[in-house]
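The values are calculated or read from the model by the stated rules, or taken from the named source; none is laboratory data. Please read all numbers here as calculations on a predicted model, not as lab measurements. Cβ atoms come from the backbone with ideal geometry, glycine included; neighbour counts cover every protein chain shown.
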Amino acid sequence: MLKFDIVSPTARLYRVARWPGNPFAPPPWLIARTDGTFGNRFDDPGTDERSPLEERFRVISCATQREAAIGESIARFRPSVAVLSRLSRIPDLETVDTVEFGSEVQVHHAGGTLPSDWCTRRQIGSTRLDSALQFVDISSASSLTTFRTSLAPLADRLNISDIDLSAVSGQQRAFTQACSRFIYQQQDESGAPRFAGIRYISRFHQAWECWAVFADRFWHEPDVTELLDSVDPSLQRAAALLGISIAPSAVLLSFVDRSGNGDGNVVNLPLNVPVILAKIGQKSANQGQSGLSCRERIRAFQ
């Protein structure tokens, strides 16, 4: 068998996902790009190889640190290098409220801004993987040597001069995704799948340990799932490290739910939600739901 450095996660893993839904569910094929991938580093490039769907795989990305899971998710909100270059030419940045560059607008400072509604649509789940699962440490010397000998023809076609850490962690998706499929296809002596995924270090922070888990081999015991909010300490730390500011949270409207089974509970809703409250009563009545609690009527409306 080919030689790789093999590791297994022993700590709890975290994943950020859209809310609602199962935070550890793989992305649906319906939202795949035209190339058959989801645009991520270790997605299956099977479309290029014309593999049938039943032979394709999806990846569930997790991180050892809660902060890392969040940081990997919000990194796309960093200001582009082009914007930073433009800002660097402004003599007194403190006097600038808004800087426009092409189609991008950066407000108040050189950092990007996380939209105020991002947290309201995100949850973070934690889980523990089965201890028997094995992962390839993609950055180890032995793993790189195996890639260097096995994937040399592909690297040559892609004009990659050497297969080193920068190649397997870079933004050349055709190559990193080929590494992922190469690992996915490895079998043990009995013909069973050898690996459950890939262990790698975030390209945004060397202290962030990440895991790309093959969805069909994702054996785990889910733990806690929480909704994210803008004052989450892990979010605050990740945003600070990445130079991202967090837009103020939406103003909350508080009211007492005294409807049928609301039991007088205080309900807090973002300011954009009450806009639809006037319509809820009409729609719930039309659907024969006038006896539902306010929360249930909101779900019915949505």
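Determine, yes or no, whether Gly46 is crowded, with 17+ Cβ neighbours inside 10 Å and either out of contact with any Pro (no Cβ under 7 Å at 6 or more places or on another chain) or aliphatic (A, V, I, L, M) (or both).
Values: crowded, with 17+ Cβ neighbours inside 10 Å: yes; either out of contact with any Pro (no Cβ under 7 Å at 6 or more places or on another chain) or aliphatic (A, V, I, L, M) (or both): yes.
Yes: the conditions hold for Gly46.
For Asp156, indicate whether it is more than 19 Å from Asp5 (Cα to Cα) and at pLDDT 95 or above. If you could, list the steps in order and put the result at the bottom.
On the way: more than 19 Å from Asp5 (Cα to Cα): yes; at pLDDT 95 or above: yes.
Considered against the rule, which asks whether it is more than 19 Å from Asp5 (Cα to Cα) and at pLDDT 95 or above, Asp156 comes out as yes.
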Note on Ala240: of the conditions (1) closer than 30 Å to Met1 by Cα; (2) surrounded by fewer than 15 Cβ atoms within 10 Å (Cβ to Cβ), unmet is (1)
Taking region 206-237 as the region of interest, how many residues are surrounded by 17 or more Cβ atoms within 10 Å (Cβ to Cβ), in a loop (DSSP other than H, G, I, E, B) and of a type in the set (S, T, N, Q)? 1
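Conditions tested, residue by residue: (1) assigned by TED's automatic domain parsing to the domain that holds Trp208; (2) of a type in the set (Ser, Thr, Tyr); (3) under 24 Å from Ala207 (Cα atoms).
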position	(1), (2), (3)
Phe4	yes, no, yes
Ser8	yes, yes, yes
Ala17	yes, no, yes
Pro26	yes, no, no
Pro45	yes, no, no
Val59	yes, no, yes
Arg76	yes, no, yes
Yes or no: Arg203 modelled with pLDDT under 95, closer than 23 Å to Ala17 by Cβ and surrounded by 14 or more Cβ atoms within 10 Å (Cβ to Cβ)? yes
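Restricting region 138-170 to residues that are assigned to a loop (DSSP other than H, G, I, E, B) and in contact (Cβ under 8 Å) with a residue 40 or more places away in the chain, which is surrounded by the most Cβ atoms within 10 Å (Cβ to Cβ)?
Step one: list which residues in region 138-170 are assigned to a loop (DSSP other than H, G, I, E, B), which gives 138-140, 151, 158-164, 170.
Still in the list and also in contact (Cβ under 8 Å) with a residue 40 or more places away in the chain: 138-140.
Values: Ile138: 25, Ser139: 16, Ser140: 17.
Here the residue is Ile138.
Restrict the check to region 253-275 and report whether at least one residue is touching a Pro at 6+ places or on another chain (Cβ under 8 Å), at pLDDT 50 or above and not acidic (Asp, Glu). Show your work before the answer.
Step one: filter region 253-275 for residues touching a Pro at 6+ places or on another chain (Cβ under 8 Å), giving 253.
Those left that are additionally at pLDDT 50 or above: none.
No, because not a single residue in region 253-275 is touching a Pro at 6+ places or on another chain (Cβ under 8 Å), at pLDDT 50 or above and not acidic (Asp, Glu).
Just give me the residues in region 38-61 being within 17 Å of Val168 (Cβ to Cβ) and either modelled with pLDDT under 95 or part of a loop (DSSP other than H, G, I, E, B) (or both), in sequence order. Please lay out each step first, then the result.
Narrowing region 38-61 to residues within 17 Å of Val168 (Cβ to Cβ): 40-45, 59, 61.
Hits for region 38-61 are Asn40, Arg41, Phe42, Asp43, Asp44, Pro45.
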Consider only pairs whose beta carbons are under 7 Å apart and that are at least six residues apart or on different chains; among these, list those whose first residue lies in region 21-43 and is without any contact (Cβ under 8 Å) to a residue 12 or more places away in the chain and whose second residue is surrounded by fewer than 16 Cβ atoms within 10 Å (Cβ to Cβ) and not in a helix (DSSP H, G or I). Arg33/Gly39
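Take region 13-37 and flag every residue that is in a strand (DSSP E or B) and not aromatic (Phe, Trp, Tyr).
Correct list: Leu13, Arg15, Val16, Ala17, Arg18.
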Residue that is surrounded by the most Cβ atoms within 10 Å (Cβ to Cβ) [pool: residues in region 7-25 that are out of contact with any Lys or Arg (no Cβ under 9 Å at 6 or more places or on another chain) and of a type outside the set (S, T, N, Q)]: Arg15
Answer from Phe195, Phe214 - the residue that is in the same structural domain as Asn159 (by TED's automatic domain parsing), modelled with pLDDT of 95 or more and more than 16 Å from the chain's Cα centre (by Cα): Phe195
In region 178-205, residues that are part of a loop (DSSP other than H, G, I, E, B) and farther than 20 Å from Thr149 by Cα total 9
Taking Pro248 as the residue in question, decide whether it is modelled with pLDDT of 50 or more and either surrounded by 12 or more Cβ atoms within 10 Å (Cβ to Cβ) or assigned to a helix (DSSP H, G or I) (or both). no
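Of a type outside the set (A, V, I, L, M), modelled with pLDDT of 75 or more and assigned by TED's automatic domain parsing to the domain that holds Ala174 - does that describe any residue in region 96-113? I'd like the intermediate steps shown before the answer.
To start, the set of residues in region 96-113 that are of a type outside the set (A, V, I, L, M) comprises 97-98, 100-104, 106, 108-109, 111-113.
Subset that is modelled with pLDDT of 75 or more: 112-113.
Okay, now just the ones that are also assigned by TED's automatic domain parsing to the domain that holds Ala174, so 112-113.
Looking through region 96-113, at least one residue is of a type outside the set (A, V, I, L, M), modelled with pLDDT of 75 or more and assigned by TED's automatic domain parsing to the domain that holds Ala174.
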